[in-house]
Amino acid sequence: MSSGVAASLRRILLANKQQGLVIVSTCSIPQNHRTFSMQYKDTEKAAHPFDYVNKNYNYFRHYYLGGHYTLANIHDNTLFFHVESNFGVPRSDFVKRLADHIGFLSVPKPDLDRMHFVDETGTVNTREFHNDYCLPRDHMPSPAEWHLNPNAHASVRLLRPLLQTMSYQLRMGLSHMFSTGQGIVMDRSYWSYYAILNILRDFGYVSQDSYDFLLEYKVSIDYSLKMPRLIIFIDKDPHAIWEDIQKNGKDYQKGSKVYSLELLQAMDRMYKEEWLPRMSTYCHILQYNENEIKTLDDVVFDIEQLNFDDTNKFPDWRLTVDVELERFRAQLQDEHFWTRMFNVNRLLHLSEWWTEPNAQKTQLGLMKYDPRYYWTTNNWDIKPFFQRYQSWTRLPFY
């Protein structure tokens, strides 16, 4: 046994004995159970994968008539991995290296402007267009702007698009997985939203009413998505993170009114005392420091020791009937359903989203004289009915 493999085994065994450190991997795998294996890295992809980017998967037309059987695409490496860490800890390089090494698709952290506010042509940023005509209180901030002025109204106008973008990115990642059989590695996926929302509420950046509304919003979506099979948590001391931000962070991070040593410490406790233990009931958890993730062979070896057929975990992956899986896959790509889930009218219950009387009417009246007003959209309600379920040009999610 190599020294790297031995060290990897020792890390798993020792970590399981430490209180407060959530590592639920095991080195003994029952025979005939599903495990990750590097032998699937070069597996031939489906001969005719479904074009999930430009078409909506229809249960009747594509499953019954077209013969697109999802179960035929799935093998032992058709898995969803999630990489998580505290604020200010780099993850993107590790996500890309790991995905390339094991033959998965790497999905970066959400880019709000590119994935939510920029139109199909890539020429109109609807957030900037809105901000040019709205009242100051109704300003839609970018993440950098929000860091410098994190008031309650700005937080809601940032967190609601963030939730929509995270859910879009996850459902498109799952659609890719079911269409091609290729696993995905996501950098801070939709399931991170709970921890972020809680810590911002605790530090007063989100009001209790906004917290209750956004959490209820998220819970209504949870059942339409799937949790990861594995979370890889990159651990780093909050003091070291704070020093790195002050030394190497971007300008808005150095001047941020959100980031502080106290917030980073609270976020560290949130992950280790609440979020990770809760998620460990649904999926496997592996925890590493920044030095340990440099050696991918050790990380891969740890992943290969995990039992992905554990009957005590993965409740939302137990789809034993192909019809159930096909229906779930069709719902992932049902833009009609997801557009209604994020209908802006739901925000009328949230006081921070309200504007001044007649302000919206005046704003729209002015915007109509701007050439950007005629930006192109895929919004389902302006498409002919017979096209709503047939075709859809989606924005890149990775």
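About its Cα centre, the stretch 45-204 has a charge dipole of approximately 320 debye under the convention of +1 per Lys or Arg Cβ and -1 per Asp or Glu Cβ, with nothing else charged.
With a ≥ b ≥ c taken as the square roots of the eigenvalues of the C-alpha gyration tensor of the stretch 202-359, please select rounded if a/c is under 1.5 and otherwise prolate if a/b is larger than b/c or oblate if it is not? Here the stretch 202-359 falls in the oblate category. Taking each of 96/257; 236/257; 218/250; 109/272; 109/250; 247/294 in turn, the alpha-carbon distance tops 27 angstrom for 96/257; 218/250. Please state the shape class of the stretch 261-319: rounded when a/c is under 1.5, otherwise prolate if a/b exceeds b/c and oblate if not, all from the C-alpha gyration tensor. Oblate, since a/c reaches 1.5 and b/c is not below a/b.
Under the simplified labelling scheme, the residue 364-residue 349 pair shows an inter-label distance of 2.3 nm, with each label point 7 Å from Cα along Cα→Cβ. Can you pull a Stokes-Einstein diffusion coefficient for the stretch 165-216 at 10 °C (1.306 mPa s), Rh from Kirkwood over Cα pairs, as a whole number of µm²/s? Estimated diffusion coefficient is 126 µm²/s.
The amide H of residue 206, built 1.01 Å from its N in the peptide plane, has 201 as neighbours under 5 Å, considering only residues 5 or more places off or on other chains. Annotation: extensible slack from residue 202 through residue 97 equals 34.3 nm (criterion: 0.36 nm per residue apart, minus Cα-Cα distance).
In a fully extended conformation the segment linking residue 75 and residue 209 would gain 43.8 nm over its present Cα-Cα distance, using 0.36 nm per residue.
Which shape class applies to the stretch 101-231: rounded if a/c is under 1.5, otherwise prolate when a/b exceeds b/c and oblate if not, where a ≥ b ≥ c are the square roots of the Cα gyration tensor eigenvalues? Oblate is the answer for the stretch 101-231, as a/c is 1.5 or above yet b/c matches or exceeds a/b.
For the stretch 132-186, the alpha-carbon radius of gyration amounts to 1.58 times the rule-of-thumb value 2.2 N^0.38 Å expected for a compact globular protein.
In terms of packing, defined here as the mean over residues of other Cβ atoms within 10 angstrom, the peptides 91-100, 360-369, 327-336 line up highest first as 327-336, 91-100, 360-369. Among the trypsin sites (Lys or Arg not before Pro) in the stretch 242-307, those located in a DSSP loop and surrounded by at most 11 other Cβ atoms within 10 Å of their own Cβ are 250. Straight-line cross-link reach from residue 55 at under 18 Å between alpha-carbon atoms covers these aspartates and glutamates, not counting any fewer than eight positions away in the same chain: 120, 326, 334, 335, 381.
Dipole size of the stretch 153-232 about its Cα centre, with +1 on Lys/Arg Cβ and -1 on Asp/Glu Cβ: approximately 240 debye, rounded to the nearest 20.
FYI, it's all coordinate maths here, none of it is from the lab. Source: prediction; values computed, not measured. Neighbour counts run over all protein chains shown; Cβ positions are idealised from the backbone, glycine included.
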